[in-house]
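Asker: Right, I'll just put the structure down here and ask away after.
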Amino acid sequence: MKLLVTGGAGFIGSNFIRYMLGKYPDYEIINFDKLTYAGNLDNLADAESNPNYHFIKKDIADSKAVEGILSDGVNAIVNFAAETHVDRSLMNASEFILTNVLGTQVLLGAALKYGIEKFIQISTDEVYGSLDSEGYFTEDTPLAPNSPYSASKASADMLALSYHKSFGLPVTITRCSNNYGPYQFPEKLIPLFIANAMEDKPLPIYGDGKYIRDWIYVEDHCRAVDLVLHKGRDGEIYNIGGGNERENLWITEFILDYFHKPKSLITYVKDRPGHDRRYAIDATKIKAELEFEPAVDLETGLEKTIQWYENNRPWWEKIRTGEYIEYYEKQYLQREKI
Ligand code: NAD
Ligand code: TYD
């Protein structure tokens, strides 16, 4: 099997490549990544000596580059490449459209041209919009994205399904809840709060902090994608969830308690515009069809994650310089406290 993984230098993509190289020693894996601010080759430094792993620095929206790789005989594509941060999409959405929408369409078109046997589009539960305190997202929940990020992912999903319906491209979509674990860029809630807590910096809570996410450990997500790649049905959507709904404040207090840091580090700041109140996944379909069960409970996964950030301080300290500081200042330090 020759597998093209796009966005493999990011958080989930790098965990997925490591997982697949370990599980399938005879697979050849090409990591196709533009290396945006979120792409980091340090994430896969341990894979560089593996003769079955290759990296290519290219943009998924560049059709020549994509066709150049596919013409060499790729069996399957797993598309993780995306702009992924909601807050950045609120500051400037154009890259989100170029990569998440146009880039996905370029990949789909090339996949069709070169007869790719399986195309996995990695999507998100955020395409469903927001839930109140009741109910769950199923695969039939209507799409109702609220941020430019989720709108771009929903657009990509519609395009992917259209290539299946119109041309028979063997596309399958996964929609996963919030991931956490090693190598997550420290702009997202959990790694940001771990790094800030370690440095005695404020932990900026948006709004009342009672927003709910359904957390899944990244390795569980990788296992689910592997199942979908090998056993998922073409033209189908599979929700993936951890079954771990928690308020942001619960996560925050867990991190502070772990480090014995004071609650006074919590700083309430102006809310995110259009902030989705609650995400919660109904994962009945993937459990029944593909026998997927998340293996890591939230407390264990969070402890493992915090320990990883403690043991890999140079990894995130290197990131928290230059462009990151500029972004952080715009995003947080200029947000009024409430
Ligand atoms: P990330 O931001 O950590 O990584 C994204 C990667 O894509 C980076 O390596 C970046 O360089 C690469 N990339 C961006 N634009 C590219 C382009 N034009 N061409 C090639 N590469 C490009 O993201 P992540 O958190 O690992 O998310 C991966 C995928 O999973 C995304 O599609 C995201 O929508 C989806 N997802 C993420 C979560 C989550 O909680 N992180 C949950 C559900 C779904
Ligand atoms: P995030 O990690 O950005 O993921 P997403 O918005 O895709 O779910 O945010 C998770 C939750 O944490 C979300 O409700 C927003 C909130 N949040 C904060 O309160 N403060 C922060 O500094 C960040 C980054 C997020």
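The values are calculated or read from the model by the stated rules, or taken from the named source; none is laboratory data. Because the structure is a prediction, the values reported are computed rather than measured. Cβ placement follows ideal geometry from the backbone for every residue including glycine, while neighbour counts extend to all protein chains displayed. Quick note on the areas: whole protein, heavy atoms, side chains included, nothing else; ligands and nucleic acids left out. Shrake-Rupley method; radii C 1.70, N 1.55, O 1.52, S 1.80 Å.
Asker: Go through region 218-235 and count every residue that is in contact with a Pro (Cβ under 9 Å, 6 or more places away or on another chain) and small (Gly, Ala, Ser).
Answerer: Final tally of qualifying residues: 2.
Asker: Something else: Kindly list the number of the only condition in (1) touching a Phe, Trp or Tyr at 6+ places or on another chain (Cβ under 6 Å); (2) assigned to a helix (DSSP H, G or I) that fails for His230.
Answerer: Exception for His230: condition (1).
Asker: Still on this structure: Looking at region 179-207, which of its residues are open to solvent by 30 Å² or more (accessible area, probe 1.4 Å), over 19 Å from Lys318 (Cβ atoms) and assigned to a loop (DSSP other than H, G, I, E, B)?
Answerer: Scanning region 179-207 gives Asp200, Pro202.
Asker: Leu35 is checked against (1) assigned to a helix (DSSP H, G or I); (2) out of contact with any Pro (no Cβ under 9 Å at 6 or more places or on another chain); (3) more than 14 Å from Leu4 (Cα to Cα) and fails just one. What number does that condition carry?
Answerer: The one condition Leu35 does not meet is (1).
Asker: Could you grab me the full set of residues in region 227-243 that are surrounded by fewer than 23 Cβ atoms within 10 Å (Cβ to Cβ) and either within 16 Å of ligand 2 (Cβ to nearest atom) or without any contact (Cβ under 8 Å) to a residue 60 or more places away in the chain (or both)?
Answerer: Across region 227-243, the qualifying residues are His230, Lys231, Gly243.
Asker: Quick check on region 57-67. Is at least one of its residues free of Cβ contacts under 8 Å to residues at least 60 places away in the same chain, closer than 24 Å to Lys318 by Cα, open to solvent by 30 Å² or more (accessible area, probe 1.4 Å) and among the basic types (Lys, Arg)?
Answerer: There is at least one residue in region 57-67 that is free of Cβ contacts under 8 Å to residues at least 60 places away in the same chain, closer than 24 Å to Lys318 by Cα, open to solvent by 30 Å² or more (accessible area, probe 1.4 Å) and among the basic types (Lys, Arg).
Asker: Any idea which residue in region 257-294 is farthest from ligand 2 (Cβ to nearest atom), counting only those that are open to solvent by less than 40 Å² (accessible area, probe 1.4 Å) and over 19 Å from Gly207 (Cα atoms)?
Answerer: Looking at residues that are open to solvent by less than 40 Å² (accessible area, probe 1.4 Å) and over 19 Å from Gly207 (Cα atoms), I get Leu290.
Asker: So, in region 35-45, exactly how many residues are surrounded by fewer than 20 Cβ atoms within 10 Å (Cβ to Cβ) and either more than 8 Å from ligand 1 (Cβ to nearest atom) or not β-branched (Val, Ile, Thr) (or both)?
Answerer: Count: 5.
Asker: Tell me yes or no: at least one residue of region 12-30 is near ligand 1 (Cβ under 9 Å from one of its atoms), within 26 Å of Cys176 (Cα to Cα), open to solvent by 10 Å² or more (accessible area, probe 1.4 Å) and part of a loop (DSSP other than H, G, I, E, B).
Answerer: No, region 12-30 has no match at all.
Asker: Let me ask something else about it. Do you know which residues across region 65-84 are more than 19 Å from the chain's Cα centre (by Cα) and farther than 17 Å from Tyr53 by Cα?
Answerer: Ala65, Val66, Glu67, Gly68, Ser71
Asker: Mind listing whichever residues of region 65-92 are more than 16 Å from Leu4 (Cβ to Cβ) and within 15 Å of ligand 2 (Cβ to nearest atom)?
Answerer: Matches in region 65-92: Glu83, Thr84, His85, Val86, Asp87, Arg88, Ser89, Leu90, Met91.
Asker: Filter region 121-131 for residues that are under 19 Å from the mean Cα position of the chain (by Cα) and away from ligand 1 (no atom under 15 Å from the Cβ) and give the result.
Answerer: Ser130 - this is the single residue of region 121-131 that is under 19 Å from the mean Cα position of the chain (by Cα) and away from ligand 1 (no atom under 15 Å from the Cβ).
Asker: Now a separate question. For Thr252, are the conditions met, namely being among the polar types (S, T, N, Q) and not in a strand (DSSP E or B)?
Answerer: Yes.
Asker: Give the residues of region 46-56 that are open to solvent by 60 Å² or more (accessible area, probe 1.4 Å) and either out of contact with any strand residue (DSSP E or B) (no Cβ under 6 Å at 6 or more places or on another chain) or of a type in the set (Lys, Arg) (or both), sorted by residue number.
Answerer: Within region 46-56, Asp46, Glu48, Ser49, Pro51 meet the criteria.
Asker: Another question, if that's okay. May I ask you to list pairs of residues, at least six apart or on different chains, whose Cβ atoms are under 7 Å apart, with the first in region 22-38 being in contact (Cβ under 8 Å) with a residue 24 or more places away in the chain and the second being open to solvent by less than 60 Å² (accessible area, probe 1.4 Å) and within 16 Å of ligand 2 (Cβ to nearest atom)?
Answerer: Correct list of pairs: Asp33/Gly7; Ala38/Gly10; Ala38/Thr84; Ala38/Phe185.
Asker: Which condition from (1) without any contact (Cβ under 8 Å) to a residue 60 or more places away in the chain; (2) within 21 Å of Ser155 (Cβ to Cβ); (3) open to solvent by 30 Å² or more (accessible area, probe 1.4 Å) is the one that Tyr114 breaks?
Answerer: Unmet for Tyr114, out of (1) without any contact (Cβ under 8 Å) to a residue 60 or more places away in the chain; (2) within 21 Å of Ser155 (Cβ to Cβ); (3) open to solvent by 30 Å² or more (accessible area, probe 1.4 Å): (2).
Asker: Any idea how many residues of region 74-120 are among the aromatic types (Phe, Trp, Tyr) and either in a helix (DSSP H, G or I) or within 10 Å of ligand 1 (Cβ to nearest atom) (or both)?
Answerer: Looking only at that region, the number is 2.
Asker: All but one of (1) closer than 18 Å to Gly10 by Cβ; (2) surrounded by fewer than 16 Cβ atoms within 10 Å (Cβ to Cβ) hold for Asn92; state the number of the condition that does not hold.
Answerer: Every condition holds for Asn92 apart from (1).
Asker: Do we have Ile306 as within 15 Å of ligand 1 (Cβ to nearest atom), touching a residue at least 12 places away in the same chain (Cβ under 8 Å) and open to solvent by less than 50 Å² (accessible area, probe 1.4 Å) here?
Answerer: no
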